[in-house]
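Just so it is clear, none of the values below were taken in a lab; they were calculated from the coordinates. Small disclaimer: the values here were computed from a predicted structure and weren't measured.
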Amino acid sequence: MLDTLLIFSLALNFYSLGVSRIRGVIRAVAAQGLILAFCPLLIYPDIDLRGIALVTCGVAIKWFLLPHLLLRAMREADIQHEVNPMVSFSGSLFLGAIGTGLAMIFASGLPLMEADAHLLVVPTSLASVWTGFLLLTTRKKAIMQVLGYLVLENGIFLFGLLVLEEMPFLVEIGVLLDLFTGVFVMGITIFHINREFSSIGSENLTGLKE
């Protein structure tokens, strides 16, 4: 079940890289966040109350709150598509495929515990970090770069699940709060870019004034 969900998460990475409709990417990132939020229940069947609280917070933030904020920002900015990215959509898919393959190879050489070595957790987390990096660096719309940040954070979150039992609860909540803060700040930035310019391309950040 876990590997099946992670394969679907990898497919969502490719979907995010290959489509121009921003609403579709938002929904894909939200679906990926929902999948990863439930992963602790599958990795640790005897999970305690702390882990259940993390799952609950993850579902509330990744599946409901953040997509709602991003869809609202998209409507207010009146944008629907990412146009003319710095790397074409087909090129992004090609780079994503290379990164995913390298993640599989690199993960197979890591000294993982026997219980984790056969899972797709590490390859999926590394591939998601790479996908998020691609979205951050190859897309011009600020809202798409926010989505890249979310995909990158999903990868970090998934990798951290391998040491969930050793992670203090405050650190876990801190990751979620950092995520929310980052998207909140980018929402404000998108608003100011849209107010001052005719588009929300991130290249306009250099023209913003106090």
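For the reader, a short list of remarks on this structure follows.
- Extension gain, Leu71-Ser20: 0.36 nm per intervening residue step, less the Cα-Cα distance, totals 16.9 nm.
- Centre separation in Å (Cα based) which lies between segment 47-99 and segment 132-160: 7 Å
- Proximity of backbone amide H atoms, modeled 1.01 Å from N, is registered between His81 and Ile22 at under 5 Å, excluding neighbours fewer than 5 places apart on the same chain.
- What the phi angles of segment 105-110 give under the Karplus curve with 6.51, -1.76 and 1.60, with θ = phi - 60°, is a coupling list of 5, 5, 5, 5, x, 7 Hz, glycine and proline written as x.
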